[in-house]
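Student: First the structure, which I've put down as structure tokens, then a few questions once you've had a look.
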Amino acid sequence: MFAGLARVVVRHPWWTIVAWLAVAAIVIAFSPKLSTSSDQAEFLPSSYESAQAMKIAEKAYPQAGDATTLVVVKRSDGAPLSAQDVAKVGGVAQQLTAKKYESVQAAMASPETVAPNKAVQVIMVPMKGTTMADQTAQGDAVKDIRKDLPGLLSGSGLEAKVGGDIAGFVDNEDSFTQSFEIVGIATFVLIIGLILLIFRAPLAAILPIVVIMFTMQVVMGLVGAASKVFGFSGDDSLSIIILIVLFGVGADYYLFLLFRYRERLRAGEDKKTAMIQAVERVGEVIASAAAAIAVTFLVLLLATFGAFKAWGPSLAIAVVFMGITSITLFPAIVSLLGTAVFWPSKAWKKQPQARVSSALGRVVGKRPAIVALVSGGIMVALAAGVFTFKADYDFASGFPQDTESAQAGKDMEKGFPPGLTKPVSVYLKTTGGEPITQAQVTEFAGAVKGAPGVGTVRPMGIAPGDKSVAQVDLLLKKNPVANESVTLVKDELRPFVHDKVPSGTKAYVGGETALWADINTINNRDLSVTLPVAAALIAIVLALLLRSLVAPVYLVVAVLLGFASTLGAAVYVFQGALGEPGVTFQLPIILYLFVLAIGTDYNILITARLREEAKEGHEPRKAAALAVEHGGPTVAAAGLILAGTFSVMMLAKVSFLQQMGFSVALGISIAAFVMAVFLVPALTALLGHFAWWPGHGDRPSAKAAEEGPHEDVLAPSGHH
């Protein structure tokens, strides 16, 4: 199959390129754009309590803001606020309301918004809108309020800082922009630089960038079309994740192909024959790897969190088309360029010394038990960190703390519990739909005063839009988005609240902390379902590729161990060494996407090489040694480029990008340099022929059986 495809592509390169350009033109011209949302709550299934609370709030409080900006006012001399100061703040709130900023509903201040210790007073500024255009208008309103406040407070001895989520977005927008600019530039420089270092050829370094960016345009069009056909929408991060995945697998497949092409040229074949042989030999590897990764991503369709369901088909489309590009467009272009792809270097003509990979291969071949024990032991030790994993939902703490919004938050905590900005909002609703009474609200507010972790109970009154609903806010004593608060709401506060409802009513616990509690539940559920299903499907793909039932078992165990060891290492570094309260809650699913899926690439490549060496007539330990010697450099180069690509994210100013960069770079390094180079070859050598049971994947070819094993590593047998 792959030999036939290779002959068509290599002998008709211009037709292949024109066909791709035609497909791209059609897809880009006619495909709709993917719709996205930045609101995580939109991806929450309606069966979860925080989602139900949100629906009740939307109907019962139609005038409520979608976001609230907080103006935190204090005396410049640090003294407590006087009655005159409180009156002045009330007047400023009225003046801000009169200015009618776009998207701002009102500015509200009252004696209730004064801290009990009189340290600060808060002006509440509810805002409407959830779209990107609305958020831009809200950001502009925050900037305008900041410009106007000094004049409104002039001569009063008061000063104010503007905080809240929208203000935080405004303050940190530059950090995000700068982070992505730094990461983007560094990624391109690193990929081009590392490929230049490997091949010493500008064309070889630039070609994958051009082809991957071209593939990205086609993929985004196809994803947009699929989103309309199947009715899904993604979050704002999806396009970035697709780009990272394409660069990850695209660089891998390009290196798989180019390394083998160079081998065939060194073996004396002409440029056309060399490329046909290269595609024939690595085509199955690339197709199997792409299939395994696509299947892994498609398993996300089993997730209950809406954003993950969009990631699944979108990333599967990306990987499949990158795989197709890698065995059609890449070979067509390189076959046209021929040896010029390596210009101006002449190193492609020389046989490599391969001292390091040869030495490593000898160690694996001679001492497979020790190698398996040491490499596996390292991964198990790292994986132990998973048992102390804590999720971190506090995005704000990961941004620079010298901004106005961060300072406003610190000022507010001088007088109010941390939970003021993000209360746990309980919506009390009558079960029969009759109007709720003030007595029921008062009874409930009194009953929950002793709720675990609650500092203040604040009844918000009966809803104007639905008289059967009343809102009671619970202000937590600790940071409402800290892991312990999320766990508290999930495990203790919700049951306590439900137990205290007056007769004839039902309580719905909502608010951001409750939202994160539900997302935490969903994440745990989704990982518990997707991981074993993905493992089973990867095993099936490997079984079909290797015609074995034994090898897929330990290969999948190795990949899952790689996932666990990466997450455990992140816990050791961020929770342990750096003393952070937790690791970003998104990290497990990110590692699922990149380490579990892409780590399979390296397993497939090295295992295919192990089988190839066995078919040349080598015994299991010798085959393992040669597989590491000849396949190791390809895996190392691919792993180095991919790990390096993610490591540049550590240059970002945002904590969760740093965590993601470090963890994925480490996971890829473990997959490439520990699992693929040491653990898998060592286990295969130990199991010997049994690794390929019940098939005969390692049975020497008729030619190899007749001639005996090739000890001359320069022979044209597909080595190097």
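Read the figures in this text as sums done on the coordinates, not as results from a lab. Just so you know, these numbers come straight off a predicted model, no measurement behind them. Note: ideal-geometry Cβ built from the backbone for every residue, glycine included; neighbour counts use all protein chains shown.
Student: With charges only on Cβ, +1 for K and R and -1 for D and E, what is the dipole size of the chain about its Cα centre, in debye, rounded to 20?
Tutor: 1420 debye
Student: Express in nm, to one decimal, how much length is gained between LEU301 and SER154 on full extension, taking 0.36 nm for each residue of separation and deducting their alpha carbon distance.
Tutor: 47.2 nm
Student: Note the angle between two axes, namely the Cα long axis of helix 49-60 and the longest principal axis of the Cα atoms of the chain, as a number of degrees from 0 to 90, rounded to the nearest 10.
Tutor: So the helix axis and the longest Cα principal axis differ by about 50 degrees.
Student: Still on this structure, please answer the following. If you fit an axis through the alpha-carbon atoms of helix 512-546 and take the longest principal axis of the Cα set of the chain, what angle between them do you get, 0 to 90°, nearest 10?
Tutor: The angle comes out at about 10 degrees.
Student: Ok, one more. Gain in length, VAL210 to LYS228, computed as 0.36 nm per residue apart minus the alpha-carbon separation, to one decimal in nm?
Tutor: Result for the pair: 3.7 nm of gain on full extension.
Student: Related question: Mind computing the radius of gyration and Dmax over the alpha-carbon atoms of segment 367-486? Å is fine for both.
Tutor: 23.2, 78
Student: Which residues' amide hydrogens lie under 5 Å from the amide hydrogen of GLY510, considering only partners 5 or more residues apart or on another chain, with H built in the peptide plane?
Tutor: Here SER425, VAL426, TYR427 satisfy the definition.
Student: For segment 543-622 and segment 405-427, compute the distance between their C-alpha centroids and round to whole Å.
Tutor: A separation of 43 Å, based on Cα centres.
Student: Which one of ILE56, GLN138, LEU610 has its Cα pushed farthest toward the positive end of the charge dipole of the chain, where Lys and Arg give +1 and Asp and Glu give -1 at the Cβ?
Tutor: Positive-end residue among those listed: LEU610.
Student: With angles folded into 0 to 90 degrees, how steeply does helix 355-366 sit against the dominant principal axis of the chain? Use alpha carbons for both and round to 10.
Tutor: It is inclined by approximately 90 degrees.
Student: Something else: Using only the alpha-carbon atoms of segment 87-140 as identical scatterers, what base-10 log of I(q)/I(0) does the Debye formula give at q = 0.19 Å⁻¹?
Tutor: Debye curve over Cα of segment 87-140, log10 I(q)/I(0) at q = 0.19 Å⁻¹: -0.68.
Student: Further, regarding this structure: Treat every Asp and Glu Cβ in segment 65-163 as -1 and every Lys and Arg Cβ as +1, leave all other atoms uncharged, and give the resulting dipole magnitude about the Cα centre to the nearest 20 debye.
Tutor: 180 debye
Student: Using every Cα-Cα pair within segment 65-163, state what percent have a distance larger than 16 Å.
Tutor: Taking all Cα-Cα pairs of segment 65-163, the fraction more than 16 Å apart is 52 percent.
Student: OK, next. In debye to the nearest 20, how big a dipole does segment 488-595 give about its Cα centre with +1 on each Lys and Arg Cβ and -1 on each Asp and Glu Cβ?
Tutor: The dipole magnitude comes to about 280 debye.
Student: Ok, one more. Which whole-number percent of Cα pairs in segment 423-517 have a distance greater than 24 Å?
Tutor: 16 percent
Student: Taking 0.36 nm per residue of separation and subtracting the Cα-Cα distance, what length does fully extending LYS467 through ALA384 add?
Tutor: Length gained between LYS467 and ALA384: 24.6 nm.
Student: Would you calculate the separation in nanometres between label points at ASP499 and GLN95, each defined as 7 Å from the Cα along the Cα-to-beta-carbon direction?
Tutor: 5.1 nm
Student: If we count other beta carbons within 10 Å of each Cβ, what is the order of GLU616, GLU49, GLU181, fewest first?
Tutor: The most exposed by this proxy come first: GLU181, GLU49, GLU616.
Student: For segment 156-278, build the charge dipole from Cβ charges (+1 Lys, Arg; -1 Asp, Glu) around the Cα centre, then report which of LEU203, ALA160, PHE188 sits farthest towards its positive end.
Tutor: Comparing the listed Cα positions along the dipole, LEU203 ranks first.
Student: Another question about this same structure. Can you list the trypsin sites (Lys or Arg not before Pro) in segment 423-505 that are in a DSSP coil and have 13 or fewer other beta carbons within 10 angstrom?
Tutor: Loop-located and lightly packed - LYS449.
Student: Report relative contact order for segment 65-163 in percent, whole number only (criteria: Cα-Cα under 8 Å, sequence separation at least 6).
Tutor: Value for segment 65-163: 42 percent.
Student: Have a look at the DSSP beta bridges in the chain and tell me what percent are antiparallel, nearest 5.
Tutor: DSSP beta bridges in the chain are roughly 90 percent antiparallel.
Student: Still on this model: If amide H atoms are built 1.01 Å from N in the plane of the peptide, which residues on other chains or at least 5 residues away come under 5 Å of the amide H of ASP66?
Tutor: For ASP66, the qualifying residues are MET127, LYS128, GLY129.
Student: With the alpha-carbon atoms as the only input, what is the per residue convex hull volume for segment 518-633 in Å³?
Tutor: Roughly 112 Å³ of hull volume per residue.
Student: Okay, moving on. How high is the FRET efficiency between SER47 and ASP140 when r is their beta carbon distance and R₀ equals 41 Å, given to the nearest 0.05?
Tutor: For SER47 and ASP140, the calculated efficiency is 0.65.
Student: Here's another thing I want to ask about it. In nm, to one decimal, how far is the TRP693 label point from the GLN407 one, both placed 7 Å along Cα→Cβ?
Tutor: 7.1 nm
Student: With N denoting the number of residues in segment 571-689, provide Rg(C-alpha) divided by 2.2 N^0.38 Å, to two decimal places.
Tutor: 1.25
Student: Next up: Dimensions of segment 228-322 along principal axes (Cα, Å, largest first)?
Tutor: Its Cα atoms span 54, 21, 19 Å along the three principal axes.
Student: OK, next. Of all the Cα-Cα pairs you can form in the chain, what percent are over 51 Å apart?
Tutor: For the chain, the fraction of Cα-Cα distances above 51 Å is 24 percent.
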